[in-house]
Each structure stands twice: as structure tokens, then as C-alpha cells.
Amino acid sequence: MGLFHKSEVDDQGLSEAGAGPDPIRLFARWYEAARDADVPLPEAMALATSTPDGEPSVRMVLLKDFDEDGFVFYTNYESRKAVELDANPRAALTFHWTVLEQQVRIEGTAVRTSRDEAEEYFRTRPRDSRIGAWASPQSREIASREALDARAVARAEE
């Protein structure tokens, strides 16, 4: 219970009065508490998507930002998750902060960030990370580890 201020919690758990009217402000308090508690990777979240015919898929991604407009993560436009979100933008996120015995679930509609915002973020990534992203045929089978390594070497030499 260390995460909540006494006014946020009643005998049954979180109280509406303690939560307040703004779910983003409440999430911001909880996220900051997770960071303050040294939760490993508090920004790690499960992203659930599905194909147009309803086949579910879930994977871990990293929260990069959030505000009243939504929760931001980045992915390759050709990744399985991007393809699924293009076809069916309904998605769910779950943060699980075991140390705090807390999880947060978010549901909504995904929209792409602007191309400029995505490129700005990509430039902040370490060079080796950018090379790996360029070399990897996201969510597609590769011939071998050696083939992937060769693509990375070729990109690094460009």
C-alpha cells in the first residue's frame, strides 16, 4: 500500500475520491511512485493487439511519453504490431509493477505519431540500436543469425 496516499484508498482498495477526476494525473502519480520505488523498468508495458479476424497478440514495449492525448511507444512501421494496429487500431496496455503489487490497464485506439516525432525519437537512440533496427526485417523470419549480422555490418559501413 505504500504507493497510495491514505486519502486515495478505502477499505476496499482505491477510492473514487482519492483517485480524483483525471486518470492521466492519477497515472502520473502512480508512475512516479513506481520510479521512486526503483521498480525495474517501470516504463515496460504489455501491448495487446489483434488481427482483423480477432487473433490476439501481446508483447512488451517501452513507454516513451504520456499525456492527455495518450501513451507513446515506438515501433518499426513494418513490425507485426504496427501492421496489426494499422488493420485494427483497438489495443490494450498493461503496466505490472510487482514490487508495488499494482497493475494498470489501459484500453483505447492507437494512432501513429507524426513522422517528424518518430524520426526525432529514432535519432535519440544509440547508433548500435539504430543499426540493429535498420538491419532487422521486423517480425519476419530471417535466414540465419549470420545473415542478420551481415546486414548489420553492411548498415554500419554505410
note = From the option list 94, 98, 75, single residue qualifying as open to solvent by 80 Å² or more (accessible area, probe 1.4 Å) and among the hydroxyl-bearing types (Ser, Thr, Tyr) is 98
Matching option when the condition is modelled with pLDDT under 95, farther than 23 Å from residue 141 by Cβ and not polar (S, T, N, Q), among 73, 66, 95 = 73
ask   = Cβ-Cβ below 7 Å, separation at least six or inter-chain, first residue in the range 47-66 and farther than 16 Å from residue 104 by Cα, second open to solvent by less than 90 Å² (accessible area, probe 1.4 Å) and among the acidic types (Asp, Glu): which pairs?
value = 49/84; 50/84; 51/84; 57/84
ask   = Among the residues of the range 40-58, is any modelled with pLDDT of 85 or more, open to solvent by 50 Å² or more (accessible area, probe 1.4 Å) and hydrophobic (A, V, I, L, M, F, W, C)?
value = yes
key: Wholly within the range 25-103, strands (runs of 3 or more DSSP E) carrying at least 1 residues that are over 26 Å from residue 117 (Cα atoms)   = 56-62, 90-97
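The values are calculated or read from the model by the stated rules, or taken from the named source; none is laboratory data. Quantities reported herein were computed from a predicted structural model and do not represent experimental measurements. With ideal geometry, Cβ positions are generated from the backbone for all residues, glycine too; neighbour counts draw on all protein chains shown. Ligands, DNA and RNA are stripped out before the accessible areas are found, and what is left, the full protein with its side chains, is counted by its heavy atoms. Shrake-Rupley method; radii C 1.70, N 1.55, O 1.52, S 1.80 Å.
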